[in-house]
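First the structure, in the form of structure tokens, and then the observations on it.
The values are calculated or read from the model by the stated rules, or taken from the named source; none is laboratory data. Because the structure is a prediction, the values reported are computed rather than measured. Cβ: placed from backbone, ideal geometry, glycine included. Neighbour counts: every protein chain shown. Note: accessible area is taken over every heavy atom of the protein model, side chains too, but ligands, DNA and RNA are not part of it. Shrake-Rupley method; radii C 1.70, N 1.55, O 1.52, S 1.80 Å.
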Amino acid sequence: MRTSWRTASLVATAASVLALTTACGQDNTTTPASAAQNVGATAAAGDYGNPAGTGTGAGNGYGADGNQSSASPSPAAPAGKLTVAANPDLGNVLTDGSGLTLYRFDKDTANPPKSNCSGDCATTWPPVPADDATAGAGIDKALLGEVTRADGSKQLTVGGWPAYRYAKDVNSGDVNGQGVGGKWFALAPNGKKAKVTDLPGLSVHKDPKLGDIVVDKNGMTVYRFLKDQAWPKSVSNCTGACLEKWPAVGPVNADDTEGVKKKGLMPFTRPDGVKQMSVNCWPIYTFSGDKAPGDTNGQGVGGTWYAVSPDGKPVGAPGK
């Protein structure tokens with residue numbers, strides 16, 4: 001009788017181990033390489049804990065910091081010879097003769113050229129003078145023009161779009177203005193918005209504060225929800241309004257990833273039948289409050305949302 005009990009125990013243990021090693025891979029099937037699409041809506045709905053101070057800026061709608069002086073802006077530095085700079089996240093970006101990034105504003109118009117940034121806005125986003133601007137290598141000089149501002153000064157335009165610098169860009173190559181307020185974007189050499197370079201479905205980005213974190217194909221930070229489950233199977237506890245604020249990342253082919261741990265890198269099926277990607281079996285999401293590649297506004301929200309490390313751990317989570 002004792003031998004029979006011991007045999008049964010060993011069989012049960014083996015079955016348990018087998019379940020743990022296979023359950024997370026319930027949907028371990030080949031998925032399209034076009035993946036990392038968010039499967040939830042991106043509109044913010046419901047309050048799942050906005051981090052303090054994550055608004056888009058002061059109430060003037062220009063992305064100012066709220067403490068900007070209303071004094072007239074200091075005379076702007078000359079544009080000089082414009083150049084094309086290669087940014088690892090945005091591709092080719094237009095810079096002035098000092099290497100500072102140039103930006104465009106969604107509230108402006110290009111046809112006809114018109115600037116709608118003045119006062120405090122122009123203090124935060126100094127207009128680039130048109131007087132001495134010249135086209136460097138890779139820039140079509142025919143795209144350079146000028147627009148007369150309300151104060152009579154001439155502002156540089158690129159492809160018709162008025163060009164600006166950002167007060168918080170101090171060093172050559174800084175792109176701190178990218179995506180501010182959802183209306184300011186670095187200029188590409190052709191006057192269009194600089195776009196994120198082609199990235200794998202999931203890859204690793206080195207954040208200056210958080211270290212190595214996972215991003216999707218658009219360069220947007222990927223997050224984990226501490227209320228979710230990974231074992232014995234992947235379970236998402238973010239539904240409804242939560243899913244609107246934290247869109248689930250869709251399936252990604254394992255071959256379309258770079259730097260992310262392969263074990264437990266697979267999709268699973270949500271209760272609504274939609275497939276969601278997981279890293280080390282943990283469901284992953286993006287945050288509707290992140291407006292530009294590299295944003296980490298979702299970090300620590302509600303004490304339950306954290307960026308994901310390449311091995312699937314929540315970066316900076318207490319006790320994790």
Along the Cα→Cβ direction, 7 angstrom out, place labels at A86 and L210. What is the inter-label distance in nm? 2.7 nm
Restricting to Cα pairs below 8 Å that are 6+ residues apart, what does the relative contact order work out to for the stretch 271-320? Please round to a whole percent. 24 percent
Using amide H atoms built 1.01 Å from N in the peptide plane, name the residues 5+ places from N92, or on other chains, whose amide H lies under 5 Å from its own. N87
Can you spot the lysines whose alpha carbon is less than 25 Å from K81's alpha carbon? Ignore those fewer than 8 places along the same chain. K114, K141, K154, K168, K192, K193, K195
For the stretch 250-312, fraction of C-alpha pairs farther apart than 19 Å, in %: 39 percent
Whole-number value, in Å³ per residue, for the convex hull of the alpha carbons of the stretch 130-201 is 140 Å³
Write down the Å³ per residue value for the convex hull defined by the alpha carbon atoms of the stretch 203-286. 98 Å³
Protection proxy ranking, peptides 201-212, 280-291, average beta carbon neighbours within 10 Å, highest first: 280-291, 201-212
So between D140 and S118, what do we pick up on full extension, going 0.36 nm a residue minus the alpha carbon distance? 5.1 nm
Find the accessible area per residue for the stretch 82-224; the probe is 1.4 Å, ligands and nucleic acids are left out, and the unit is Å². 43 Å²
